[in-house]
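The values are calculated or read from the model by the stated rules, or taken from the named source; none is laboratory data. The structure presented is a predicted model; accordingly, all values stated were derived computationally and were not measured. Quick reminder, even Gly has a Cβ in these numbers, built from the backbone with ideal geometry, and neighbours come from all protein chains shown. Please note that ligands, DNA and RNA were not included when accessible areas were found on the heavy atoms of the full protein model with its side chains. Shrake-Rupley method; radii C 1.70, N 1.55, O 1.52, S 1.80 Å.
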Amino acid sequence: MESLSIQIINAQNPLYKDELKLRDEILRKPINLKIEDDDLSDEVNQIHFVALLDNELVGVVVLKKEDQIGKLRQMAVNPEIQGKQIGRKLVDTLEAYAKENGIKEINLHARHYAAGFYEKLGYANTSKPAFEEVGMKHFEMAKAL
């Protein structure tokens, strides 16, 4: 694989604009939403993990810390390179950071088609049946660290 690195950034980092563009393309446009319509004001208080492949931003995941619970959100990897363990590396990095910073559990809302990915990483479905969010089925999932 080419040169892959995972970086931790914040919303003031110049890469944040590239992150928003990737999230918009992968997570918002397919369901007829626009990232610019989202309330992003709290993102300055969240930890952003970005995957860079040969200096191009190709993946992202965001950690929102709430006491000893972390919420994994906005997971996206460029579809042209999915299946190359980039998502797994992003989640592994997020989990290591969370553990080092006193977080005991990670929660997330997985789109129905992504639940299997999170199950492979040790997350358990804590909401049966699925619930609707942004117009599609989601599952609440959790993992103790």
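For this structure, a couple of remarks:
- Enumeration of residues in the stretch 66-97 that are crowded, with 18+ Cβ neighbours inside 10 Å, closer than 23 Å to Ala130 by Cβ and among the hydrophobic types (A, V, I, L, M, F, W, C): Leu72, Met75, Ala76, Val77, Val91
- Some residue of the stretch 124-132 being out of contact with any strand residue (DSSP E or B) (no Cβ under 6 Å at 6 or more places or on another chain), free of Cβ contacts under 8 Å to residues at least 60 places away in the same chain and at positive phi: no
- Filtered by the rule that a residue be in a helix (DSSP H, G or I), open to solvent by less than 60 Å² (accessible area, probe 1.4 Å) and not hydrophobic (A, V, I, L, M, F, W, C), the stretch 98-132 gives Gly116, Tyr118.
- Qualifying position, being open to solvent by less than 50 Å² (accessible area, probe 1.4 Å), within 20 Å of Ala11 (Cβ to Cβ) and under 11 Å from the mean Cα position of the chain (by Cα), among Leu57, Leu52, Leu40, Leu63: Leu63
- Selected residue [modelled with pLDDT of 90 or more, assigned to a helix (DSSP H, G or I) and not basic (Lys, Arg)] from Leu20, Leu57: Leu20
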